[in-house]
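The values are calculated or read from the model by the stated rules, or taken from the named source; none is laboratory data. Source: prediction; values computed, not measured. Ideal geometry is used to build each Cβ from the backbone, glycine not excepted, and the neighbour counts take in all protein chains shown.
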Amino acid sequence: MSRKITVNVCMGTGGIAAGGSTVMEAFRQEFAEVGVDNARVVEKCRLHKVGCRGFCARDVLVDIAIDDQSWTYQYVDEKMVKRLVAEHILDNKPVEQWLVGDDYHTFHDNQEKIILGVLGHIDPESIDEYIGIGGYKAAEKVLATMTPQDTIEEIKRSGLRGRGGAGFPTGLKWSFCAANQADRRYIICNADEGDPGAFMDRSVIEGNPHAVIEGMIIGAYAIGADTGYIYIRAEYPLAVQRLKIALAAAKERGFLGKGICGSSFDLDLKIKLGAGAFVCGEETALIASIEGERGMPRAKPPFPANKGLWGKPTIINNVETLANIPPIINRGAEWFTSIGSEKSKGTKVIALTGKIRNTGLIEIPMGMPLKKIIYDIGGGIEGDRLFKAVQTGGPSGGCIPQQHIDLPVDYEGLKSVGSMMGSGGMVVLDETDCMVNIAKFFLTFTQEESCGKCVPCRIGTKRLLEILTRITEGEGKPSDLDLLQELAEDVRDASLCGLGMSAPNPVLSTLKYFRHEYEAHIFQKKCPAKVCSKLLTFYIRPDHCVGCGACKKACAVKAISGELKQVHQVDQALCIKCGSCFDACKFNAVIKE
Amino acid sequence: MISLTIDNQPVEVEAGATVLEAARKLRIDIPTLCHDSRLKPHGACRLCIVEIAGMPKPVTSCTTPATEKMVVTTQSAHLNRLRKTTVELLLSDHPNDCMICIGSGDCKLQELAYRFNLRGSRFRGKMRAHDRIDENPFVQRDQNKCVLCGLCVRVCEEIQGVGAIGYANRGFESKITPPFEKELSCEFCGQCIAVCPTGALSGKLWVGYPRQQGLEKTETTCSYCGCGCNLTLHTYGKSIAKVTSRQDNHNRGWLCVKGRFGYEFVTSNERLTTPLIRRQKGGSLEPASWEEALDLVASRLLDIKSKHGPDAVGGLASARCTNEEGYLFQKMFRAGIGTNNVDHCARY
């Protein structure tokens, strides 16, 4: 009996955080102990470290593949390994209770995975596995059979648009760069993923770094660049390590360096680590950072495609954009245009988070309605609470309310309702979220990350945040509504770079769709979602209180009084509204309003 | 040449000129704060924004190159609103103490507030409270009045080639500072003071003098070296209150530490106003006329030459001399005295 057994352990950052390394080690030990390598049982058993497969909420995810059949286990820890090996691998009886449920399949089946499909199936540290699934075929094809002009035309025809945020047509950008007279040109991969909660670029590099490198080779050839940089944040150590391994392997195999694939084309790629400034994801700030300057944006025009790194024509593409290039070359522009909506072709990787059952990394064809993403892939709202809004596009995106739940998710669709695609973050909010507080949350981030160069962003975002803070603390005045609106518009229209131009989006979209919540904070001094603590009053319902004393014990400021087995009271003058009593009460006797 | 239209007026500019330069050629007034035509454009203050047909949003005219057939609008209700808000935001984080500010009367922010009729700001909130680090002898820094225009950083880097200051921190907490937020340690040329649009940077020697009223201006030439930079002396009675330099001079308004701050000798009691001669060995130096002094030097030189030969004499010229004076000096030594023993202090 000879079986081919493969155990895939999720070793993306999510997998490792959940204990992937321990699980992997446990499998190794168990195999050694029971002698799985023994020819009697197993012909070939391989343990794989794989990249992200998207369903991070269920980590550690483990696939056990025997011959052509594969089973996926969720929430695996090292204690479960012994039984998995004994029952599934040795006795061939899968452990039903630990297998993923139907929702795992619903989560995946509604997706279209051009970029993420490979993640979780190949070893990102092995160039042979990438080559084994057709890797570097596109680069070879381009270098052997296509001119740079052909390559640009093919990408133009595919309709691919930048996945980093602005959605500018990639082929057009390449053609602008190629049209410049210059002795040197550069290609840069923007892997400075800075949106809180976004991890698509990190996952792609961790799970399939060669796809990005191959995309860069094709892009560099198309525009005539001989040097490229991958600008990646230092906070992504695993991605950096895998990139280094991949770059070394690609160089060794002749996919980088002099005379790539036997052609006369040379390309050298370097890694440049970013120090964690959000604004360095903005292309001109990123260029300044590579040049060794402070990461501050420069005014456009001139655009980097004309005058970029060290004054030379430069193309900056996002990780996901570059990872789309090899499939487009391999399968053709027509195939790519068959996916997606009218003006947004292909797929988009989205980091789905917030008050949703299935959080994780997903990839959808452009134009999929929000509703389908939230309810079919996301599995609906946690605890079946009411959906309130979805915030898309990272910290500078907008909040989209229930009335637009059927909106198709593509560049135009999101923009039409005052939000944006951004890098693809999607945070689902429910009835327990206060929209004023949400706007304040995002402004806190953008305000801290403003580089300080231009006045509207440096001082304007600070003043916006101060007004929002005032409102959430019950200090809001009726005139604040107009002031907020006007200042947000002015910051949007007068700022130097994309950060300042989009930072007011959370304010503007919540003012538009959730004005009543602002009004409640200002006029009634109430927070409808019961989030803003300074606007809450805590009191104890006499008919529910059993006098257990739990709330009294939990209160740090001794604001609660009452004898044991007697009804307790809150002294409003002492209460600091921390909510400890609310959390401590097991009888729903503490009310916040 | 490039032809474009600004506010319905046609204008032609050289290729590479910015929209702001084109507008200034037409004498159209566009407010600026972070712009200085002698430095690279920065685009930070956002006051010079204009609308350009075909562009979705206002752009800064100081950074945007003029292109053929461009149609530019410099005044509109929208632009005016954005400029006004920008100035208001600056004022919301600026001490409202013009009455006692050293920069008053020579402050671009003050002018902008006046221009937009801003008594106060709609935006109240936190104001910066930077510690004052103030031990150097020349540059007085008041960070709380800084508008982050970046002119000081740029002049230090681009003109002086020193790079003594840069940006620190992010967002609202951004500030201009020497490395590690220590005291300035530079050549104290004071170019940063010259370009600062507000009272954030000023000269320590200026303190105690009137700011504008009562000052008399005199154009003169710096006597420190052969460059002969043009100076404007601002005098109050017999005292020099400060020294500046006009941009339309051959030195384009740039000065060094000596020209800008080295003026105290003018009214010093120790200043030499006549030649001094020691008439007796061991005696003290006594005032003399120029004729007497020059005659003495000439006779001694001839004396030495005749006794010991021309090579017993050597001449060292001062860098204060102009090129022409330097030429005459060596001519005197080579042709007049007959020696090649002549040199110049800037050479060693």
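The table that follows gives values for the structure above.
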read-out	value
Matching entry among A:Lys79, A:Lys141, A:Lys156, A:Lys113 (being under 21 Å from A:Thr347 (Cβ atoms) and outside any loop (DSSP other than H, G, I, E, B))	A:Lys156
Per-region count, the range B:164-178, residues under 22 Å from A:Arg458 (Cα atoms), more than 10 Å from every other protein chain (Cβ to nearest Cβ) and not in a strand (DSSP E or B)	2
Options A:Asn110, A:Asn38; residue that is outside the structural domain of A:Glu363 (by TED's automatic domain parsing), modelled with pLDDT under 85 and either over 30 Å from A:Pro369 (Cβ atoms) or of a type in the set (Asp, Glu) (or both)	A:Asn38
The range A:1-14, residues that are touching a strand residue (DSSP E or B) at 6+ places or on another chain (Cβ under 7 Å), under 18 Å from A:Ala239 (Cβ atoms) and at pLDDT below 80	A:Met11
Residue that is nearest to the other protein chains (Cβ to nearest Cβ), among those in the range A:270-317 that are in a strand (DSSP E or B) and either surrounded by fewer than 24 Cβ atoms within 10 Å (Cβ to Cβ) or modelled with pLDDT under 95 (or both)	A:Gly274
Conditions (1) more than 10 Å from chain A (Cβ to nearest Cβ); (2) without any contact (Cβ under 8 Å) to a residue 24 or more places away in the chain; (3) not basic (Lys, Arg); (4) not in a helix (DSSP H, G or I): number failed by B:Gly105	(2)
Selection within the range A:499-527 - hydroxyl-bearing (Ser, Thr, Tyr) and either assigned by TED's automatic domain parsing to the domain that holds A:Arg298 or within 15 Å of A:Leu468 (Cβ to Cβ) (or both)	A:Ser509, A:Thr510, A:Tyr518
Wholly enclosed helices (runs of 4 or more DSSP H) of the range A:440-517 bearing at least 3 residues facing chain B (nearest Cβ under 7 Å) and free of Cβ contacts under 8 Å to residues at least 40 places away in the same chain	A:461-472, A:479-494
Selected residue (criterion: farthest from B:Lys25 (Cα to Cα)) from residues of the range B:42-58 that are more than 7 Å from chain A (Cβ to nearest Cβ) and in contact with a helix residue (DSSP H, G or I) (Cβ under 8 Å, 6 or more places away or on another chain)	B:His42
Yes/no for B:Thr67 being in contact (Cβ under 8 Å) with a residue 24 or more places away in the chain, out of contact with any strand residue (DSSP E or B) (no Cβ under 6 Å at 6 or more places or on another chain), over 19 Å from B:Pro197 (Cα atoms) and within 10 Å of chain A (Cβ to nearest Cβ)	yes
Number of positions in the range B:197-223 that are crowded, with 19+ Cβ neighbours inside 10 Å and touching a Gly at 6+ places or on another chain (Cβ under 8 Å)	7
Residue among B:Lys258, B:Lys307, B:Lys331 that alone is within 32 Å of the chain's Cα centre (by Cα) and part of a helix (DSSP H, G or I)	B:Lys258
Any hit, the range A:333-352, residues being within 14 Å of another protein chain (Cβ to nearest Cβ) and of a type outside the set (Gly, Ala, Ser)	no
Top-ranked residue of the range A:327-350 - restricted to ones that are within 17 Å of A:Tyr411 (Cβ to Cβ) and small (Gly, Ala, Ser), ranked as surrounded by the fewest Cβ atoms within 10 Å (Cβ to Cβ)	A:Ser341
Residue among A:Ala239, A:Ala234, A:Ala248 that is farther than 30 Å from A:Pro301 by Cβ and free of Cβ contacts under 8 Å to residues at least 24 places away in the same chain	A:Ala248
Filtered residue count, the range B:84-93, keeping only those that are in contact with a Pro (Cβ under 9 Å, 6 or more places away or on another chain) and facing chain A (nearest Cβ under 8 Å)	3
Close pairs from the range B:173-196: first touching a residue at least 24 places away in the same chain (Cβ under 8 Å), partner buried (at least 23 other Cβ atoms within 10 Å of the Cβ) and basic (Lys, Arg), Cβ under 8 Å, at least 6 apart	B:Ser174/A:Lys453; B:Ser174/A:Arg458; B:Leu184/B:Arg141; B:Cys189/B:Arg260; B:Gly190/B:Arg260; B:Ile193/B:Arg260; B:Ala194/B:Arg260
Where B:Ser76 falls short, out of the listed (1) at the interface with another protein chain (Cβ under 9 Å from one of its Cβ atoms); (2) hydroxyl-bearing (Ser, Thr, Tyr); (3) free of Cβ contacts under 8 Å to residues at least 40 places away in the same chain	(1)
Members of the range A:329-362 found to be part of a helix (DSSP H, G or I) and of a type outside the set (A, V, I, L, M), listed by number	A:Asn330, A:Arg331, A:Glu334, A:Trp335, A:Phe336, A:Thr337
Residue match in the range B:126-134 (condition: within 11 Å of chain A (Cβ to nearest Cβ) and touching a residue at least 40 places away in the same chain (Cβ under 8 Å))	yes
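For (1) in contact with an Asp or Glu (Cβ under 6 Å, 6 or more places away or on another chain); (2) over 25 Å from A:Asp109 (Cα atoms); (3) in the same structural domain as A:Leu511 (by TED's automatic domain parsing); (4) surrounded by fewer than 19 Cβ atoms within 10 Å (Cβ to Cβ), each residue gets a yes or a no:
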{"site": "A:Met366", "(1), (2), (3), (4)": "yes, no, no, no"}
{"site": "A:Pro369", "(1), (2), (3), (4)": "yes, no, no, yes"}
{"site": "A:Ile377", "(1), (2), (3), (4)": "no, no, no, no"}
{"site": "A:Gly393", "(1), (2), (3), (4)": "no, no, no, no"}
{"site": "A:His404", "(1), (2), (3), (4)": "no, no, no, no"}
{"site": "A:Ser416", "(1), (2), (3), (4)": "no, yes, no, yes"}
{"site": "A:Gly422", "(1), (2), (3), (4)": "no, no, no, no"}
